[in-house]
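The values are calculated or read from the model by the stated rules, or taken from the named source; none is laboratory data. Note that the coordinates shown come from a computational prediction; the quantities given were computed from them, not determined experimentally. All Cβ positions, glycine included, derive from the backbone under ideal geometry; neighbour counts span all protein chains shown. The accessibility values were calculated without ligands, DNA or RNA, using every heavy atom of the protein model including side chains. Shrake-Rupley method; radii C 1.70, N 1.55, O 1.52, S 1.80 Å.
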Amino acid sequence: MYVKKQEELKPSPEFGHSNYDLLRGAAGKGNSKKLDIFNDSSGEHGTLQKMAKSTLNLLQRILLGGCIGCALSIFCYFSLLPVPIHGNESAVGEEPDFPVQKSVINVVLVGATGDLAQKYLYSSFFRIYLESEFDIYFFAGAREAVSKGKQTLANIFANRIPCGDDTHCFQAYTAYSLRWQYVMLKGPDAYRELDSAIRDRLQSQKLVERGRLFYLSIPPSAFGSVADNIGRDARPIPGGWLRVILEKPFGTDLASAHALRERLEQSGLAWGEMHFVDHYLGKELVRAILHFRMLNRDILDPLWNHAFVDRVEIVMKEKESVSGRTSFYEGVGVVRDVFQNHLTQVMAMVGMELPGTVSREAVRTAKEQFLRQVVPAKVANGVQGQYDGYATEVEAGMPTPE
């Protein structure tokens with residue numbers, strides 16, 4: 001696997017939108033199958049099925065032509081789709097049957113001014129807002145002072161309008177932006193004040209809180225303290241569900257991941273209330289891998305092995321540089337940022353034995369069995385590189401000494 005910067009790569013219109021099914025389920029979308037990544041019964045996957053069949057036809061022509069070795073190149077982009085690795089729906093608890101017209105969901109985005117939030121999360125929440133059967137109130141939380149945070153939030157909505165020339169979309173997006181309220185989340189008192197503000201609104205407007213969702217788009221070093229504050233001071237009213245979504249990376253190595261898990265277990269949050277996600281799995285083309293294999297397993301299974309496949313290449317091409325996120329990259333690096341999570345997940349979906357069903361548990365078990373057979377990589381077998389201009393961008397992004 002390798003990462004290559006590409007300046008002019010543009011996403012296909014078919015796959016250029018963020019996927020949000022799991023997050024939509026976590027936000028209480030009607031009768032949708034919450035936290036179900038593999039529900040392909042809806043019409044939205046018709047394009048994927050057509051793509052899979054077209055790709056299969058091409059593969060058949062290659063194989064029938066006598067090509068013993070074939071390469072599978074997967075071009076991926078960032079997107080949003082939370083994927084839980086702990087708990088299940090029953091662990092979250094049964095949701096009360098609130099009247100739809102009086103039910104509200106409160107969404108709190110922690111780390112609301114960060115790179116991931118600006119690029120992907122606001123547009124994904126917009127799509128949830130458009131389709132939700134319930135009123136949703138959004139809170140953008142960050143450590144910036146209120147005056148600066150409000151201006152940052154206004155700039156985000158002004159500069160990232162996902163509507164093109166669609167007037168109706170623009171009107172809806174304007175209404176959506178007015179649903180957001182900036183809050184400074186710095187210390188335990190801030191979470192108590194947030195909880196009080198939510199409860200005051202519920203009481204004054206005679207609303208019922210169906211649930212409260214926290215999306216933690218923050219470094220893993222801050223997970224523990226934020227989880228403490230949520231579990232102690234920002235739980236929903238009795239009867240409402242609580243879901244806390246934690247973004248990768250989950251620690252920096254195995255030891256730190258175990259330590260972080262132990263830290264979270266002390267926060268007061270139940271495992272069924274926490275969902276650990278890799279937003280990369282929400283990319284339409286990444287999701288298509290499993291659909292493609294399942295739809296064509298009778299034909300592909302006899303060929304999907306070392307006798308017919310010479311090698312598999314997983315190529316990730318990025319259009320943008322690390323400008324604006326140099327401090328993150330200098331501390332985390334590209335290997336921890338995309339290799340050990342995003343691209344490893346893609347490799348597992350390509351290399352694993354197909355399970356009998358596409359339930360979360362079955363797919364997770366198949367991935368685990370595959371990864372246990374992977375030979376650990378050696379530095380001597382890899383080639384490391386750095387794109388032109390990276391050092392200059394890092395230098396420009398460093399804070400100026402006072």
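Tell me whether region 386-397 contains one or more residues that are over 20 Å from R311 (Cα atoms), modelled with pLDDT under 80 and in contact with a Lys or Arg (Cβ under 6 Å, 6 or more places away or on another chain).
yes
Just name the residue that is farthest from R287 (Cα to Cα) out of those in region 317-328 that are open to solvent by 20 Å² or more (accessible area, probe 1.4 Å) and part of a helix (DSSP H, G or I).
Among those residues, the one meeting the criterion is S327.
Quick one: how many residues across region 226-255 are farther than 25 Å from A117 by Cα and free of Cβ contacts under 8 Å to residues at least 24 places away in the same chain?
Final tally of qualifying residues: 3.
When you scan region 292-303, do you find a residue that is part of a helix (DSSP H, G or I), closer than 22 Å to H342 by Cα, touching a helix residue (DSSP H, G or I) at 6+ places or on another chain (Cβ under 8 Å) and open to solvent by 20 Å² or more (accessible area, probe 1.4 Å), even just one?
Checked against the condition, which is being part of a helix (DSSP H, G or I), closer than 22 Å to H342 by Cα, touching a helix residue (DSSP H, G or I) at 6+ places or on another chain (Cβ under 8 Å) and open to solvent by 20 Å² or more (accessible area, probe 1.4 Å), region 292-303 yields at least one hit.
Of everything in region 120-139 that's within 19 Å of A197 (Cα to Cα) and within 19 Å of the chain's Cα centre (by Cα), which residue is surrounded by the fewest Cβ atoms within 10 Å (Cβ to Cβ)?
Step one: list which residues in region 120-139 are within 19 Å of A197 (Cα to Cα), which gives 135-139.
Okay, now just the ones that are also within 19 Å of the chain's Cα centre (by Cα), so 138-139.
Numbers: F138: 23, F139: 21.
The extreme case among them is F139.
Every residue, every condition in (1) modelled with pLDDT of 95 or more; (2) charged (D, E, K, R); (3) open to solvent by 20 Å² or more (accessible area, probe 1.4 Å); (4) on the phi > 0 side of the Ramachandran plot, yes or no:
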| site | (1), (2), (3), (4) |
| --- | --- |
| P220 | no, no, yes, no |
| F223 | no, no, no, no |
| R232 | no, yes, yes, no |
| G239 | no, no, yes, yes |
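Working only within region 102-127, note down all residues that are outside any helix (DSSP H, G or I) and either modelled with pLDDT under 90 or in contact with a Lys or Arg (Cβ under 6 Å, 6 or more places away or on another chain) (or both).
S103, I105, N106, G114
So in region 259-280, with the set limited to residues that are among the acidic types (D, E) and surrounded by 16 or more Cβ atoms within 10 Å (Cβ to Cβ), which one is nearest to A348 (Cα to Cα)?
The selected residue is D278.
Among V309, V379, which is the only one that is open to solvent by less than 60 Å² (accessible area, probe 1.4 Å) and over 24 Å from the mean Cα position of the chain (by Cα)? Break it down stepwise before answering.
Details: V379 fails: open to solvent by less than 60 Å² (accessible area, probe 1.4 Å).
The match here is V309.
Could you check region 285-303 and list, in sequence order, the residues that are closer than 19 Å to S359 by Cβ and either touching a Lys or Arg at 6+ places or on another chain (Cβ under 8 Å) or without any contact (Cβ under 8 Å) to a residue 40 or more places away in the chain (or both)?
Residue satisfying the conditions is L295 alone.
I'd like to know if region 345-354 contains one or more residues that are open to solvent by 50 Å² or more (accessible area, probe 1.4 Å) and either at pLDDT below 90 or of a type in the set (F, W, Y) (or both).
no
How many residues are at pLDDT below 90 and over 21 Å from H279 (Cβ atoms) when one looks only at region 360-374?
Qualifying residue count for the region: 0.
Take R287 and tell me if it is of a type in the set (K, R), within 20 Å of the chain's Cα centre (by Cα), in a helix (DSSP H, G or I) and surrounded by 17 or more Cβ atoms within 10 Å (Cβ to Cβ). Steps first, please.
Values: of a type in the set (K, R): yes; within 20 Å of the chain's Cα centre (by Cα): yes; in a helix (DSSP H, G or I): yes; surrounded by 17 or more Cβ atoms within 10 Å (Cβ to Cβ): yes.
Here the answer is yes, as R287 does meet what is asked.
Exactly one of (1) over 27 Å from G251 (Cβ atoms); (2) free of Cβ contacts under 8 Å to residues at least 60 places away in the same chain is unmet by K119. Its number?
Here K119 meets the rest and fails (1).
For region 329-371, give me the residue count where each residue is among the hydroxyl-bearing types (S, T, Y), part of a helix (DSSP H, G or I) and over 19 Å from the mean Cα position of the chain (by Cα).
Result for region 329-371: 1.
Which of the numbered conditions does I161 fail, given that it passes all the others? Conditions: (1) open to solvent by 60 Å² or more (accessible area, probe 1.4 Å); (2) closer than 26 Å to D233 by Cα; (3) under 24 Å from the mean Cα position of the chain (by Cα); (4) without any contact (Cβ under 8 Å) to a residue 40 or more places away in the chain.
Result: I161 passes all but (2).
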